[in-house]
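Engineer: Take a look at the following structure, please.
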């Protein structure tokens, strides 16, 4: 693998670096620890600024408002964002997952209607896949939609809908042919969340926040033109979406992990273990170095995965190792952080003795969700076993 | 990669498992005919300058070649002579000495090795106790790879890096039979042996990093082969009327082997690249690669043998040959703990890291 930047890539980097220098908001640190709801408006404004500068959705084709950036340029993008301490983007699912799905499977009219508003964060997106009885076994989902005078009429329920509370639109998978075999009767619809009959309820998670929701549908009417791909061929579209989720989603996470790691190293110089700074404790040094190396390997795996995406255009099932790697790594990392901080690790923001505003307590609890969301570790191992290694299906 | 594909074909054709098993039963695991074919391919001079008879390719190409050598479980002195001794000579020796010692290695006419460890088993050159006085070397080196077949022995001493002819007076070479049957270990005792100074131990760091990154790549190749053999077995071996690879307890272990193998490969490739480009994080990248591969090669082997059941425990099955190599490579040039401590020194102690430099 050749990681040297070409003249074109250098030009891209310098241009981006200059733009970020002039535009990254200075007050992000004041907002960073705010609740998701409180900081969401801030992040939307930041994404709008990126969009206007031409830096949102850089991997997307030029005709849809992107830059047609190469995968190397995407790597540069995330590295420069990290260097500049830039805030993350608001419309995460729209940019990373739903936009690419519309680009791959949508009609020209759909691309024109939705894509630029995803980039500008004018319309926030969520994803309606899981249901109470369809988690890992997604194809068993029961939310149904019947075609009536040019509209699909939806009834059912989705769950674990991240950003449901903030979303203007939802990519939703529904059953349109109840008589067909499980995988054959599904269709993907683009749903306006303001449509009558859509009800979003908060779902409080173990961290105490309501990052995601339950969404109920009662006789919700979706115009037939909002079908993505072919009717009853939605499984293919949904799988495409999931591959994006698992394959390329890790790029942004890399920045967060690196930042957490660096912060923990910083803390290790002052927090004490056995009467001396944790940074001098032989066992903690081993554990910190292990985390540092694994975060580095996450970046290197990502780079290699990118080069595969660039060869084929879509992320392959190999993306499952990324998902498996980053989710389990974060759990190990958060535990090392807890160990290093000792009893202080458990303190939440409300405690006057808290370190970093309770982020370590939050991070530890939040990391339990990592091996469940976007396909459990067990599902990722099934995918690697069957689709990558060619072992017989286990289920 | 053309070089990688060619290397895979070459090793499959010239050194299949039958040949590996034949060579491992010999004293030195060295085969002159195979060696001269490797020299013809340019492998023995792959990264060295053309003025010394080398091919002048980069560290990335060396990493790819060694990955394939690892997949084939190539026996004999390629690592000790070309990678380790070659890189040390290239880094430490004078131009005249390179003509004398490196050029014959490149041409496939001579073999050398590096004697580093002593009873302290430290991979830090500064810990060497053996020293040279008045051009004479006295002391004992342990775990010296392929010493019995070497023409010269490079010695990391307290006061510099020296080279002695293997046939020089006062040298006693004895086998140290170890787990890895394909790469032989020796103790080498020097008693008032004439030695020529090559340079200072401080010049060794880069050469040892090249050897370490390359070894990590070789380990990734071994892991890949272990995974391939295991997946094939899991597809064909039936119990309870089904291929055992259908059971998630087996399949998920295969998935973990894949993750560990791919991650080792990513890290080794990057280390090779970083060394070639003299990237500021090259030393860290090398330790990341060796640290990860050292743990992963053992884990991948453990899983592979377990999935094979009783067959995995037999002499007849090839897995244990890879497993033996994995253990030897795990400790060579520093195990995972050694490299974690090195990462800690480079990352935590250097003070280079702060939350603002994410």
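Engineer: For chain B, find the longest principal axis of its Cα atoms and tell me its angle to the long axis of helix B:59-72, 0 to 90°, nearest 10.
Structural biologist: For B:59-72 against chain B, the angle is about 60 degrees.
Engineer: Please tell me the relative contact order of chain A in percent, rounded to the nearest whole number, where contacts are Cα pairs under 8 Å and at least six residues apart.
Structural biologist: It rounds to 12 percent for chain A.
Engineer: Rank the residues B:132, A:198 as a footprinting-exposure proxy: fewest other Cβ atoms within 10 Å of their Cβ go first.
Structural biologist: Numbers: B:132 23, A:198 20.
Going from least to most buried by this count: A:198, B:132.
Engineer: By how many nm would the segment from residue B:109 to residue B:281 lengthen if fully extended, with 0.36 nm per residue of separation less the alpha-carbon distance?
Structural biologist: On the way: separation 172, 0.36 × 172 = 61.92 nm, distance 3.58 nm.
Additional length available on full extension: 58.3 nm.
Engineer: Expressed as a fraction of 2.2 N^0.38 Å, the rule-of-thumb size for a compact globular protein of N residues, what is the C-alpha radius of gyration of the stretch B:2-106?
Structural biologist: On the way: Rg = 13.7 Å, N = 105, 2.2 N^0.38 = 12.9 Å.
Working it through for the stretch B:2-106, the quotient is 1.06.
Engineer: Measure nothing but the geometry: give the 0 to 90° angle between the long axis through the Cα atoms of A:319-341 and the longest principal axis through the Cα atoms of chain A, rounded to 10°.
Structural biologist: Orientation of helix A:319-341: about 40 degrees from the principal axis.
Engineer: I've got another one for you. Dividing the alpha-carbon radius of gyration of the stretch A:248-388 by 2.2 N^0.38 Å (N being the number of residues), what value is obtained?
Structural biologist: Values: Rg = 16.8 Å, N = 141, 2.2 N^0.38 = 14.4 Å.
With N residues counted in the stretch A:248-388, Rg over 2.2 N^0.38 Å equals 1.17.
Engineer: Where in the stretch B:247-269 is the amide nitrogen less than 16 Å from a point lying 7 Å along the Cα-to-Cβ axis of residue B:228?
Structural biologist: Hits in the stretch B:247-269 for residue B:228 at 16 Å: B:258, B:261-262, B:265.
Engineer: If you don't mind, there's one more thing I want to ask. Can you sort B:68, B:118, B:232 by how many other beta carbons sit within 10 Å, fewest first?
Structural biologist: Listing B:68, B:118, B:232 from fewest to most nearby Cβ atoms yields B:232, B:118, B:68.
Engineer: Counting pairs of alpha carbon atoms under 8 Å apart in space and at least six apart in sequence, what relative contact order in percent does the stretch B:246-358 give? Walk me through the numbers on the way to the answer.
Structural biologist: Details: 91 pairs, mean separation 30.9, N = 113.
Rounded, it is 27 percent for the stretch B:246-358.
Engineer: Stretched out fully, how many nm does the piece from residue B:14 to residue B:97 gain, at 0.36 nm a residue minus the Cα gap? Please report the intermediate quantities before stating the final value.
Structural biologist: Working: separation 83, 0.36 × 83 = 29.88 nm, distance 3.24 nm.
Roughly 26.6 nm would be gained on extension.
Engineer: In nm, what is the difference between 0.36 nm times the number of residues separating residue A:283 and residue A:256 and their Cα-Cα distance? Mind showing how you got there, number by number?
Structural biologist: Numbers: separation 27, 0.36 × 27 = 9.72 nm, distance 2.46 nm.
Value of the extension gain: 7.3 nm.
Engineer: Determine the shielding of peptide B:283-295 by partner chains: average, over its residues, the number of Cβ atoms on other chains within 10 angstrom of each Cβ.
Structural biologist: Values: counts 0, 4, 3, 0, 3, 8, 4, 1, 7, 6, 0, 0, 2.
Across B:283-295, the average partner-chain Cβ count within 10 Å equals 3.
Engineer: Right, something else. Could you grab the Rg to Rh ratio for the protein assembly as shown? Cα atoms only, Kirkwood for Rh.
Structural biologist: 1.02
Engineer: Tell me, what is the percent relative contact order of the stretch A:248-388, built from C-alpha pairs under 8 Å that lie six or more residues apart? Kindly include the intermediate steps, with their values, before the conclusion.
Structural biologist: Working: 135 pairs, mean separation 31.1, N = 141.
Once normalised by length, the contact order is 22 percent.
Engineer: Quick check on the exposure proxy: order A:114, A:51 from fewest to most C-beta atoms within 10 angstrom.
Structural biologist: Working: A:114 24, A:51 21.
Sorted ascending by nearby Cβ count, the order is A:51, A:114.
Engineer: Quote the convex hull volume per residue of the stretch B:116-234, based on C-alpha atoms, as a whole number of Å³. If you can, show how the numbers build up before the last one.
Structural biologist: Values: hull volume 13.4 nm³, N = 119.
Value for the stretch B:116-234: 112 Å³ per residue.
Engineer: Points 7 angstrom from Cα along the Cβ direction at residue B:311 and residue A:84: gap in nanometres?
Structural biologist: About 5.6 nm, to one decimal.
Engineer: Share of Cα-Cα pairs in the stretch A:125-233 beyond 24 Å, in percent?
Structural biologist: Values: 1049 of 5886 pairs.
That tail contains 18 percent of the Cα-Cα pairs.
Engineer: Please report the antiparallel percentage of DSSP beta bridges with both residues in the protein assembly as shown, rounded to the nearest 5.
Structural biologist: Antiparallel bridges make up about 85 percent of those DSSP assigns within the protein assembly as shown.
Engineer: Based only on Cα atoms, what mean projected area does the convex hull of the stretch B:203-357 have, in nm²?
Structural biologist: Details: hull surface 42.6 nm².
If you wrap the Cα atoms of the stretch B:203-357 in a convex hull and average its projections, you get 10.6 nm².
Engineer: Sticking with this structure for a sec: Taking R0 as 35 Å, what FRET efficiency do you get between residue A:387 and residue B:318 from their Cβ-Cβ distance, rounded to the nearest 0.05? Mind showing how you got there, number by number?
Structural biologist: Values: r = 27 Å, r/R0 = 0.77.
Here the calculated transfer efficiency is 0.85.
Engineer: Kirkwood hydrodynamic radius for the stretch B:159-220: how many Å is it when counted over pairs of different Cα atoms? Before the final figure, lay out each step's value.
Structural biologist: Details: mean 1/r = 0.0706 Å⁻¹.
By the Kirkwood definition, the hydrodynamic radius is 14.2 Å.
Engineer: Give the calculated FRET efficiency between residue A:36 and residue A:136 to the nearest 0.05, with a Förster radius of 22 Å applied to their Cβ-Cβ distance.
Structural biologist: Working: r = 26 Å, r/R0 = 1.18.
The computed FRET efficiency comes out at 0.30.
Engineer: Related question: Using every Cα-Cα pair within chain B, state what percent have a distance larger than 30 Å.
Structural biologist: Working: 23135 of 63903 pairs.
The answer is 36 percent, as a whole percent.
Engineer: Right, something else. Over the Cα atoms of chain A, each weighted equally, I'd like the Debye log10 I(q)/I(0) at q = 0.12 Å⁻¹, rounded to two decimals.
Structural biologist: Those come out to -1.02, one per q.
Engineer: Using only the alpha-carbon atoms, how far is helix B:2-14 inclined from the longest principal axis of chain B? Give it as 0 to 90 degrees, nearest 10.
Structural biologist: Approximately 80 degrees, to the nearest ten.
Engineer: Antiparallel as a % of all DSSP beta bridges within chain B, to the nearest 5? All intermediate terms of the calculation are to be shown ahead of the outcome.
Structural biologist: On the way: 26 of 30 bridges.
Expressed as a percentage, antiparallel bridges in chain B total about 85.
Engineer: Can I ask one more? Give the separation of the Cα centroids, the stretch A:10-34 to the stretch B:257-301, in Å.
Structural biologist: For the stretch A:10-34 versus the stretch B:257-301, the Cα centre distance is 31 Å.
Engineer: Could you give the nm distance between label points at residue A:201 and residue B:37, where each point is 7 Å from its Cα heading toward the beta carbon?
Structural biologist: Going from the residue A:201 label point to the residue B:37 one covers 7.1 nm.
Engineer: Here's another thing I want to ask about it. Apply 1/(1 + (r/R0)^6) to the Cβ-Cβ distance of residue A:23 and residue B:189, taking R0 = 60 Å, and write down the FRET efficiency to the nearest 0.05. Can you show the working numbers first?
Structural biologist: Numbers: r = 68 Å, r/R0 = 1.13.
Computed FRET efficiency for residue A:23 and residue B:189 comes out at 0.30.
Throughout, read-outs are computed from the coordinates displayed, never taken from laboratory work. Keep in mind it's a predicted model, so treat the numbers as computed, not measured. Don't worry about glycine lacking a Cβ; one is built from the backbone with ideal geometry, like all the others, and counts go over all protein chains shown.
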